[in-house]
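See below for the structure under consideration.
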Amino acid sequence: MSRAASTAATAAFVIAAMGLGRLITDHVPLQASAVEPFTVTAGLGQTAALEYAEVTVTGIRVTPTITGNPTAKAGGRWLVVDTELVATREPTLMLGFDLVAPDGTRYAHSSRGTDCAINATLATGVPWYGSFCFDVPEAALDDPHFLVSRGDYAVDGSGQRRDGLADIDLAIDPADIDAVWSQTEPVDLSPTGVVPPASAEQATP
């Protein structure tokens with residue numbers, strides 16, 4: 001190939017590469033793709049398999065009172081989210097546990113209940129059990145989702161960028177909200193850890 005032909009071929013390649021770059025820039029939201037987490041969705045009782053952990057919400061409970069010493073009263077109602085978490089690759093500390101309403105309102109979990117979980121330290125392959133407690137208004141019971149991740153939300157989700165995020169639909173039927181809200185039975189939580197809740201309750205004196 002002559003030098004002139006080689007130069008022309010190189011120029012054509014550069015122009016084509018520039019065109020491809022422009023196409024990507026025009027049609028792919030690079031800024032968003034650089035910060036969004038990798039979301040895995042699941043429902044109540046289903047397992048969301050993240051790269052580093054398996055996340056299952058085993059049940060939810062609504063109450064005005066969490067028993068313990070001292071008893072914890074909610075300003076609205078406690079929405080208690082019972083979880084089973086398993087680290088699949090290596091020991092993992094998980095910090096991100098949030099309740100999100102359809103309008104985007106984000107509720108942080110509380111540590112006011114004696115046995116309410118605040119984070120989860122997972123050994124590889126060993127199920128960990130914990131209940132996360134959210135003090136919420138009645139409006140928050142309309143289609144809430146529980147978000148779980150390795151990093152906490154931080155500022156504008158910066159702690160969860162480009163990492164696995166479980167989005168669990170808590171499946172509260174809108175027709176049941178009034179009945180759920182009116183429940184008054186106190187809830188007794190099992191301690192967090194590797195002992196399943198039923199066994200933990202049986203071991204309590």
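Every number in this text was worked out from the coordinates using simple rules, so none of it is lab data. The model shown is predicted, which means the values in this text are computed figures rather than measured ones. Using ideal geometry, Cβ is built from the backbone for each residue, glycine included, and neighbour counts are taken over all protein chains shown.
Could you tell me what % of all Cα pairs in segment 76-143 have separations over 19 Å? Display every interim value, and only then the final one.
Details: 871 of 2278 pairs.
When every Cα pair of segment 76-143 is considered, 38 percent fall beyond 19 Å.
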Next on the checklist: Skipping prolines and chain starts, which residues have an amide H placed within reach, meaning under 5 Å, of the one on D188, given they are 5 or more residues away or on another chain?
Outcome noted: T67
Checklist outcome for this item: In nm, the gap between the two label points placed 7 Å beyond Cα toward Cβ at R162 and E185 is 4.8
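Pull out the extension gain between N69 and L44, defined as 0.36 nm times the separation in residues minus the alpha carbon to alpha carbon distance; nm, one decimal. Don't jump to the answer; show the numbers that get you there.
Working: separation 25, 0.36 × 25 = 9.00 nm, distance 2.96 nm.
Stretched out fully, the N69 to L44 stretch lengthens by 6.0 nm.
What's the local net charge at C133, with K and R +1, D and E -1, over the other residues with C-beta under 15 Å away? Show your work: numbers first, answer last.
Details: positive: R61, K73, R77, R112; negative: D82, D98, D115, D135, D188.
Computed value for this residue: -1.
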Next on the checklist: Give me the three principal axis extents of segment 27-119 from the C-alpha atoms, as integers in angstrom, largest value leading.
Outcome noted: 53, 33, 22
Checklist entry - Applying the Karplus parametrisation 6.51 cos²θ - 1.76 cosθ + 1.60 with θ = phi - 60° to the phi angles of segment 35-44, what ³J(HN,Hα) value in whole Hz is obtained for each residue in order, glycine and proline being reported as x? => result 10, 6, x, 8, 8, 10, 9, 7, x, 4
Item to check | R0 of 22 Å, Cβ-Cβ distance T58-T114: FRET efficiency to nearest 0.05 | outcome: 0.65
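Specify whether the C-alpha gyration tensor of segment 125-205 places it in the rounded, prolate or oblate class, a ≥ b ≥ c being the square roots of the eigenvalues: rounded for a/c under 1.5, otherwise prolate if a/b is larger than b/c and oblate if not.
Working: a/c = 2.32, a/b = 1.07, b/c = 2.18.
Note, shape of segment 125-205 comes out oblate.
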